[in-house]
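Chemist: Dumping the structure here so I can ask a few things about it.
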Amino acid sequence: MVTRPVLMSARKPKLVLSPNARQDLSDVLVYTEQQWGKSQRAVYKAAFTHGLGELRRYPDLGRPRDDLRPGLRSYLIRQHVVYYRVEPDAIRVDRILHAAMDATRRLDE
């Protein structure tokens with residue numbers, strides 16, 4: 001009898017949101033609820049949950065943004081851009097900004 005090695009799936013890196021990114025996400029959800037109601041907030045929250053999960057599964061999904069900072073990537077979720085870095089054990093989210101915001105200025109806050 002021939003035995004085959006068991007293939008283990010690669011572990012997904014953990015997702016780490018900076019304090020600024022946590023505040024950004026909270027602000028987006030509060031604003032969404034104030035403007036469009038709880039159901040739209042739930043829709044937007046689900047979009048972020050799905051999008052951030054996709055980044056954990058496919059860390060290189062976003063486009064390189066070395067023009068802003070070396071090693072930085074960006075990924076669009078609805079009208080917001082997630083700015084993040086891929087590290088060996090984690091996806092580190094620096095900011096979550098509306099696409100119309102000046103990322104150069106906001107990344108330095």
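Chemist: Less than 11 Å Cβ to Cβ from ASP102, Lys/Arg counted +1 and Asp/Glu -1: what total charge do the surrounding residues give?
Modeler: Details: positive: ARG105, ARG106; negative: ASP108, GLU109.
Spelling it out: positives minus negatives among the neighbours equals 0.
Chemist: Could you point to the residue in VAL43, LEU29, MET101 farthest towards the positive end of the chain's charge dipole, with +1 and -1 charges on the Cβ of Lys/Arg and Asp/Glu respectively?
Modeler: In the chain, that residue is VAL43.
Chemist: Summing Lys, Arg as +1 and Asp, Glu as -1, what charge do residues with Cβ under 12 Å from the Cβ of PRO13 carry, PRO13 excluded? Don't skip to the end; give the middle numbers.
Modeler: Working: positive: ARG11, LYS12, LYS14, ARG56, ARG57, ARG85, ARG92; negative: ASP60, GLU87, ASP89.
Around PRO13, the surrounding residues sum to +4.
Chemist: Once you place label points 7 Å from the Cα toward the Cβ at ARG105 and LYS12, how far apart are they in nm?
Modeler: Computed distance between label sites ARG105 and LYS12 equals 3.5 nm.
Chemist: What whole-number distance in Å separates the alpha-carbon centres of the stretch 45-76 and the stretch 78-99?
Modeler: Cα centroid to Cα centroid, the span is 5 Å.
Chemist: What distance in nm separates the simple spin-label points at ARG22 and LEU76, each placed 7 Å from Cα in the Cβ direction?
Modeler: In this crude label model, ARG22 to LEU76 measures out at 3.0 nm.
Chemist: Starting at the first residue of the stretch 84-100, write each ³J(HN,Hα) from the Karplus equation 6.51 cos²θ - 1.76 cosθ + 1.60 with θ = phi - 60°, in whole Hz, x for Gly and Pro.
Modeler: Residue by residue, the stretch 84-100 yields 8, 10, 9, 10, x, 10, 7, 9, 9, 8, 7, 8, 10, 10, 4, 4, 7 Hz.
Bear in mind that the values in this text are calculations on the coordinates, not laboratory data. Quick caveat, the model's predicted, so the values are computed rather than measured. Note that we place each Cβ from the backbone using ideal geometry, even for glycine, and neighbour counts take in every protein chain shown.
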